[in-house]
Amino acid sequence: MNCCEAESFGRDEARKIPETVCAFANSSGGRIVCEGFDPADLLPSGVPCVRESPFSVYIPPLEWHKKPVILNGRVYRRVEGENLISGLRAKSIMAEDSNEPSRDDWPCEAALNYADTGSFLARISGLNRNMSRCTKTELLRRCGVYSGKYLTFAGALMLGEIVRISARLDYSGGHSEIEALNIWSACTRILPRLTSVLSEKCADAFRELFINALLHADYNADRRINIAITSPPLTVTADNPGTIRGAIRNHRLAKMFALSGITGGRPHGLDIIRSYMPNFTLKQDMLTLRTTALLRLEGRRELPDPVIL
């Protein structure tokens with residue numbers, strides 16, 4: 001008698017299949033049943049399965065040394081000395097990841113941009129009444145810009161001048177480029193200009209793409225983020241350092257995004273993007289450790305001349 005578990009997936013839930021496959025392979029096995037589509041193309045490579053019908057497969061349990069692991073959003077088989085990644089290398093990456101939550105809390109020797117800090121504090125006070133009577137210094141501490149007496153790495157990224165966020169427009173026979181030196185400037189100066197001519201649903205997807213590129217970047221590896229708009233066809237490409245991981249990489253930055261209203265209280269950015277473009281995917285380069293995303297754009301009117309930037 002087969003006592004394995006079974007999990008059913010609709011098309012909207014298909015992205016969860018690799019994680020479920022790993023859970024079955026790492027435990028006592030299980031069955032993947034898809035509602036009207038073939039699961040074969042969505043199964044992690046290298047994880048054994050048994051075809052049972054056009055819409056279902058059985059995942060057998062694996063021996064301990066062959067159990068798959070999920071690293072940076074990708075699935076690997078844990079086979080020592082073989083395949084894409086070894087067990088020792090997997091342990092090394094997981095140990096590295098476990099230290100990441102404290103990275104944007106590190107002290108940083110940098111100066112804050114006076115104008116950007118002022119507009120940031122004005123936004124915080126306006127959105128959070130419980131902070132409206134705080135002094136500027138106390139506000140910066142409560143937001144995570146400062147920790148005690150020192151400036152945090154996250155605070156320098158948000159309001160200093162230590163990062164390079166480049167937006168390039170290349171269409172209509174010309175091109176222009178603008179560069180922001182901190183995340184706040186990118187979100188308040190560049191983002192509104194880039195979304196002003198897009199349709200409402202497209203602008204929401206673009207905004208989520210832009211915000212995700214800033215919030216989930218690994219700024220310890222590189223501090224360059226590139227946003228490029230080209231036509232025809234009208235598309236945006238976002239390129240940022242680091243690969244996607246299961247947990248938030250920059251905890252202090254996430255707090256600043258939430259308090260300042262940048263994320264708009266919507267935690268599931270990729271769902272918003274896929275509601276506009278269902279086949280949207282993230283491409284992760286494991287050699288350069290960068291993530292690239294491509295999104296088609298729909299304008300509500302003719303794009304302005306590139307010199308707007």
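The values are calculated or read from the model by the stated rules, or taken from the named source; none is laboratory data. On a predicted model such as this, the values are computed, not experimentally measured, just so you know. Neighbour counts are summed over all protein chains in view; Cβ atoms, including those assigned to glycine, are modelled from backbone coordinates with ideal geometry.
Only residues that are under 22 Å from Val75 (Cβ atoms) and at pLDDT 70 or above: list them for segment 286-309, please. First the steps, then the outcome.
Step one: list which residues in segment 286-309 are under 22 Å from Val75 (Cβ atoms), which gives 286-293.
Once the filter is applied, which keeps residues that are under 22 Å from Val75 (Cβ atoms) and at pLDDT 70 or above, segment 286-309 yields Thr288, Leu289, Arg290, Thr291, Thr292, Ala293.
From the list Ala217, Ala205, Ala213, Ala228, the lone residue that is among the small types (Gly, Ala, Ser), assigned to a loop (DSSP other than H, G, I, E, B), touching a strand residue (DSSP E or B) at 6+ places or on another chain (Cβ under 8 Å) and outside the structural domain of Arg15 (by TED's automatic domain parsing) is Ala217.
Can you find even one residue in segment 278-285 that is part of a loop (DSSP other than H, G, I, E, B), surrounded by fewer than 16 Cβ atoms within 10 Å (Cβ to Cβ), touching a strand residue (DSSP E or B) at 6+ places or on another chain (Cβ under 7 Å) and modelled with pLDDT under 90?
no
The residues of segment 118-150 that are under 26 Å from the mean Cα position of the chain (by Cα), closer than 17 Å to Ala254 by Cα and assigned to a helix (DSSP H, G or I), listed by number, are Phe120, Leu121, Arg123, Ile124, Leu127, Leu140, Arg141, Arg142, Cys143. Hey, does segment 198-206 have a residue that's touching a helix residue (DSSP H, G or I) at 6+ places or on another chain (Cβ under 6 Å), basic (Lys, Arg) and surrounded by fewer than 18 Cβ atoms within 10 Å (Cβ to Cβ)? Scanning segment 198-206, I find at least one residue that is touching a helix residue (DSSP H, G or I) at 6+ places or on another chain (Cβ under 6 Å), basic (Lys, Arg) and surrounded by fewer than 18 Cβ atoms within 10 Å (Cβ to Cβ), so the answer is yes. The residues in segment 156-166 that are buried (at least 20 other Cβ atoms within 10 Å of the Cβ) and more than 19 Å from the chain's Cα centre (by Cα) can be counted, and the count is 3.
Against the numbered list (1) surrounded by 23 or more Cβ atoms within 10 Å (Cβ to Cβ); (2) in contact with a helix residue (DSSP H, G or I) (Cβ under 8 Å, 6 or more places away or on another chain), Ala217 comes up short only at (2). Residue pairs whose Cβ atoms lie under 7 Å apart, separated by 6 or more positions or on different chains, with the first residue in segment 196-208 and more than 14 Å from Arg274 (Cβ to Cβ) and the second of a type in the set (Phe, Trp, Tyr), are Leu198/Phe206. Of the residues making up segment 231-263, just one is assigned to a strand (DSSP E or B) and either outside the structural domain of Leu157 (by TED's automatic domain parsing) or exposed (fewer than 15 other Cβ atoms within 10 Å of the Cβ) (or both), namely Thr235. Suppose we keep only residues that are modelled with pLDDT under 85 and surrounded by 13 or more Cβ atoms within 10 Å (Cβ to Cβ) within segment 1-12. Which one would you say is nearest to the chain's Cα centre (by Cα)? This residue is Glu5.
Tell me whether segment 167-186 contains one or more residues that are assigned to a helix (DSSP H, G or I) and over 21 Å from the mean Cα position of the chain (by Cα). Checked against the condition, which is being assigned to a helix (DSSP H, G or I) and over 21 Å from the mean Cα position of the chain (by Cα), segment 167-186 yields no hits at all.
Listed residues Val79, Val47, Val75; which is modelled with pLDDT under 85, under 29 Å from Leu289 (Cα atoms) and within 23 Å of the chain's Cα centre (by Cα)? Only one candidate passes the filter, namely Val75. Picking from residues in segment 35-49 that are out of contact with any Phe, Trp or Tyr (no Cβ under 9 Å at 6 or more places or on another chain) and within 15 Å of Arg15 (Cβ to Cβ), the one that is surrounded by the fewest Cβ atoms within 10 Å (Cβ to Cβ) is Asp41. Restricting the first member to segment 103-122 and to residues that are in the same structural domain as Ala186 (by TED's automatic domain parsing) and free of Cβ contacts under 8 Å to residues at least 40 places away in the same chain, and the second to residues that are aliphatic (A, V, I, L, M) and buried (at least 18 other Cβ atoms within 10 Å of the Cβ), the beta-carbon pairs closer than 7 Å and six or more apart or on different chains are Leu121/Leu139.
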